1. In degrees between 0 and 90, to the nearest 10, how far off the longest principal axis of the chain does helix 199-209 point, with axes built from Cα atoms?
2. Compare the Cα positions of 99, 46, 158 along the charge dipole of the chain (+1 at Cβ of Lys, Arg; -1 at Cβ of Asp, Glu; about the Cα centre) and return the one farthest towards the positive end.
3. Note the angle between two axes, namely the Cα long axis of helix 39-48 and the longest principal axis of the Cα atoms of the chain, as a number of degrees from 0 to 90, rounded to the nearest 10.
4. With axes computed from alpha carbons, what is the tilt in degrees of helix 151-170 against the longest principal axis of the chain, rounded to the nearest 10 within 0 to 90?
5. Out of residues 5 or more away from residue 61 or on other chains, whose amide H comes under 5 Å of its own, with H placed 1.01 Å from N in the peptide plane?
6. Quick one, which of (i) 168; (ii) 119; (iii) 200 is the actual volume of the Cα convex hull per residue in Å³ calculated for this model?
7. Please check the chain for the longest run free of GluC sites (Glu not before Pro) that are loop-located per DSSP (anything but H, G, I, E, B) and have at most 12 other Cβ atoms within 10 Å.
8. Give me the Å³ per residue figure for the convex hull around the C-alpha atoms of region 122-215.
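Nothing in this text is a laboratory measurement; each read-out follows from the coordinates by a stated rule. A quick note: this is a predicted structure, and the numbers were derived from the prediction, not measured. Cβ atoms come from the backbone with ideal geometry, glycine included; neighbour counts cover every protein chain shown.
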Amino acid sequence: MTPPISLDSLNFDAQTGLIPVVTQDARSGAVLMQAWADRAAVARTLDTREATYYSRSRQEQWVKGATSGHTQRIVDVQTDCDADSLLYRVEQTGPACHTGAYSCYHQPLLTGDAPQAGLDGTLDRVYATITERLATLPENSYVARLHAGGLDRVLKKISEESGEVLLAAKNADRAELATEVADLLFHTLFAMAEVGVSPADVAAVLHAREGKTGLKGPKEVG
């Protein structure tokens, strides 16, 4: 692993004293936002692990989530090869954009067919969308309607979708099984969001079960 460089090694703009910061969700890999930081903001970020920036319009430091509650806990900070820009990799709470969107980058300028990928990052993005909807409860949102029905309603949906998964697997219907598993995962993520359990919490349990010869079963030891 490359050893960390010092704060003195960063190349802040000679005129403004600022450095651009790109912020990325450490779990999903999604780019969340771009902002600026001065030396003091970077120093505070490193010291507190709270993403701190510098507002060019207000000419003052600001801590992400200080007023909205949509905080960014720093996982790590990296520089580019010239040390004149920064990458904050964070654990995002709620939406990153002031519009209520998960990411500030949500307006397409050029679109294309995205490559098919596995679940890596997908569950985190779905979870982030669910938490965003729970925070804003937009009209005509399925999440808002499900939330209004209380936790028992979503737990009932999990039970129903579990049965559908079993039936699709029993029938060896691959397309139906993929659909039903997706439904089950969505409603499970919803229940997690309602209770305050994140995908990272689940990942930590799975990582703890990983043995040298493979993944251990539930509550298995040794």
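1. Between the helix axis and the principal axis of the chain, the angle is about 70 degrees.
2. Result: 158.
3. 40
4. Tilt relative to the chain: about 60 degrees.
5. Residues meeting the amide H criterion: 55.
6. Read-out from the structure maps to (iii).
7. Working: sites that count: 139, 220.
Result, exposed sites excluded: 1-138.
8. Details: hull volume 11.3 nm³, N = 94.
Hull volume normalised by residue count: 120 Å³.
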